[in-house]
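Input: a single structure, listed below in structure tokens.
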Amino acid sequence: MLHKGIYQYVAKEEGLAVQDVVMVATHDWDLTGAAKAGLKIGYVTRKREIYNPYYKQPDYRSDSLLDLVDKILAS
């Protein structure tokens, strides 16, 4: 079950629209939940596992956190 409130709480507390928030993580299942709640998602590839092809693909992807931040800021 998806609990959108978990992902939307921080946006609300910071006065942001969920579509203006990017969740960054190294695990695809949590990013998929965030995407379903309306957030953009950034995936840091840090393990050998393949990003699940059935999940929503990330808006941003990199194997470097610093590079991922640059991509997000440039968009």
- Largest fluctuation, Asp30, Asp20, Asp59 only, Gaussian network model of the chain with Cα springs under 10 angstrom, belongs to Asp20
- Task: Any chance you could list the semi-axes, whole Å, largest first, of the equivalent ellipsoid that the Cα gyration tensor gives for the chain, using √(5λ)?
- Result: 20, 16, 9
- Query: Roughly how much of Lys40 is accessible, in Å² to the nearest 10, using a 1.4 Å probe?
  - Reply: 80 Å²
- Task: Mind ranking Val44, Val18, Val24 by accessible surface for me, highest first, 1.4 Å probe?
- Result: Val24, Val18, Val44
- Query: Per residue, what accessible area does the chain have, given a 1.4 Å probe and all protein chains present, in Å²?
  - Reply: 71 Å²
- Message: Using a 1.4 angstrom probe on the protein heavy atoms only, could you order Tyr43, Tyr54 from most to least accessible area?
- Response: Tyr54, Tyr43
- Query: Which of Lys36/Lys71; Lys4/Lys56; Lys12/Lys56; Lys4/Lys47 have a Cα-Cα distance over 19 Å?
  - Reply: Lys36/Lys71; Lys12/Lys56; Lys4/Lys47
- Carbon and sulfur: what percent of the chain's accessible surface (1.4 Å probe)? 54 percent
- Gain on full stretching of the segment that runs from Glu14 to Tyr54 - 0.36 nm per residue minus C-alpha separation: 11.3 nm
- Task: Can you tell me how much longer the chain between Arg61 and Asp30 gets when fully stretched, taken as 0.36 nm per residue apart minus their C-alpha distance, in nm with one decimal?
- Result: 9.7 nm
- Message: Tell me which of Val21, Tyr54, Ile6 sits at the most positive position along the dipole axis of the chain, charges placed on C-beta atoms (Lys, Arg +1; Asp, Glu -1).
- Response: Tyr54
- Query: At what distance in nm do the modelled label points of Lys47 and Val69 sit from each other, each positioned 7 Å from its Cα along Cα→Cβ?
  - Reply: 2.3 nm
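The values are calculated or read from the model by the stated rules, or taken from the named source; none is laboratory data. Remember, it's a predicted structure, so these values are computed and weren't measured experimentally. Cβ sites come from the backbone with ideal geometry, for glycine too, and all protein chains shown count toward neighbours. Only protein heavy atoms, including side chains, enter the accessible area calculation; ligands, DNA and RNA are left aside. Shrake-Rupley method; radii C 1.70, N 1.55, O 1.52, S 1.80 Å.
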